[in-house]
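Shown next, in structure tokens, is the structure this report addresses.
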Amino acid sequence: MGKMSLLRKDDNCERNLFSVCKATSSSSSSSSSNNSLVSPQKDPPEEADALLFMQIFIHLLKSNIGTGFLGLPLAVKNAGLLVGPISLLAIGVLTVHCMDILLNCASHLTQRLQKSFVSYEETTMYSLETCPNPWLRTHSVWGRYIVSFLLIITQLGFCSVYFMFMADNLQQIVEEAHFTSNVCQPRKSLVLTPVLDARFYMLTILPFLILLVLVQNPQVLSIFSTLATITTLGSLALIFEYLIQTPRHSSLPLVASWKTFLLFFGTAIFTFEGVGMVLPLKSQMKSPQQFPAVLYLGMSFVIFLYICLGTLGYMKFGSDTQASITLNLPNCWLYQSVKLMYSVGIFFTYALQFHVPAEIIIPYVISRVSENWALFVDLTVRTALVCLTCFSAVLIPRLDLVISLVGSVSSSALALIIPPLLEITTFYSEKMSCVTIAKDIMISILGLLGCVFGTYQALYEMTQQAHFSMANWTRVYT
């Protein structure tokens, strides 16, 4: 009974989430940079609501450009000037291929089950229901639970990263205000002792984000999305304008250590955030048969941007490359405004990203209490989830490590591990070729290895950082 109740709540939350997606899709520039995990309603879109080729292209582009995008120069540093771009291209090709696999599995299941639409979670469940293995058929509902759990972890991980990104940039803006000038010169490698810890800025932002997530009106959320889009695109234009200027570092290592390469994997896969977006976008396209073309075109451009930003950023800043490229920008008012604009964009994007796990968790929790307590429980759970993302950031205030950890743990599973396995369970009974099966197994194993070793390396670096901080605290105290 509990399982069926949760499934019904998931269906309801998909419909609620679609209202936000449709509201933000009312104009071609109204989607958030990462509104990629929203599942649309079951019914096909009306003609007036259907999205055109260029609108889909813009949504796909913005869904893959977030905070992880700004961490790519450090990712290339962790892999090497030669290995980094090549590996980004390889991971991008594999990710797009897995998106295509997910589309094929969902399309096959909709035809087989005579449904108008299936989400990522439902695709997993229905695929297991129709596979030859009786144990998997019996436990197929757990496939949906696992994917839903990974989506929640991924989204809350994004929100924690947002806290760190905003705090780091706000700290630099405030504490360097006295040194900020009108002349934009390259940042000198001068280490200033922070007046206030970044955690203070996280706690300062916390009450404002709590108030922000209490807004549940789709039209208001669409306004937040528009503001986020405008500020993000303006900031990126100025960042690329600065990166193409000379001079650049000429002698950088082509190949980095394998330990830091594991961190590269987590950051890279974190950046490819759009795997959960392909099914909702295809269902909303006016001509769904054109979606593969826009997918390949859009993701090719995304991969090109990734390689350009990662390579140019590393060549520009070399060994001084920071966890976010905004922290390397010159200390002048123009680029301080870039940090502020991007932080404002991330602030409003938080509400849209937060909406996804909230609409999965809150309806289920409310169903367990009386109607008189529904509003109180709703507000309490929202506040608790925001505090959870904040305290996670406070406990591990390392932007690069958290990005790598979230990417290794959940993003790799959603993007590389699960889709190839779905292709096997969906089409195995229809005489798949041995080459296809071997290819899918190899991709899943590669994703699993990256998940395991990337998670281990990120956790190891976090423990080393914690020991280092504790040693410094003890020494200062003594």
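Some observations on this one:
- Pick from the stretch 95-117, criterion closer than 27 Å to PHE301 by Cα and hydrophobic (A, V, I, L, M, F, W, C), ranking: surrounded by the fewest Cβ atoms within 10 Å (Cβ to Cβ): LEU103
- Hits in the stretch 125-162 (condition: among the β-branched types (Val, Ile, Thr) and open to solvent by less than 10 Å² (accessible area, probe 1.4 Å)): VAL147, THR154, VAL161
- Residue that is under 23 Å from LEU329 (Cβ atoms) and open to solvent by less than 70 Å² (accessible area, probe 1.4 Å), where the choices are PHE200, PHE165, PHE179: PHE165
- Tally, over the stretch 383-405, of residues that are part of a helix (DSSP H, G or I) and out of contact with any Leu (no Cβ under 6 Å at 6 or more places or on another chain): 15
- In the set (1) modelled with pLDDT of 90 or more; (2) assigned to a helix (DSSP H, G or I); (3) aliphatic (A, V, I, L, M), LEU81 fails one condition alone, (2).
- Residue within the stretch 350-365 that is touching a residue at least 60 places away in the same chain (Cβ under 8 Å), open to solvent by 30 Å² or more (accessible area, probe 1.4 Å) and not basic (Lys, Arg) present: yes
- Output for the stretch 409-423, where each listed residue is open to solvent by less than 40 Å² (accessible area, probe 1.4 Å) and in contact (Cβ under 8 Å) with a residue 60 or more places away in the chain: SER410, SER411, SER412, ALA413, LEU414, ALA415, LEU416, ILE418, PRO419, PRO420, LEU422, GLU423
- Residue within the stretch 367-389 that is farther than 21 Å from GLY68 by Cβ, surrounded by fewer than 22 Cβ atoms within 10 Å (Cβ to Cβ) and in contact with a Lys or Arg (Cβ under 7 Å, 6 or more places away or on another chain) present: yes
The values are calculated or read from the model by the stated rules, or taken from the named source; none is laboratory data. What you are looking at is a predicted structure, and each value in this text was computed from that prediction instead of being measured. Heads up, the Cβs are rebuilt from the backbone with ideal geometry, glycines too, and the neighbour counts pull from every protein chain shown. SASA here: full protein model, heavy atoms, side chains in, ligands and nucleic acids out. Shrake-Rupley method; radii C 1.70, N 1.55, O 1.52, S 1.80 Å.
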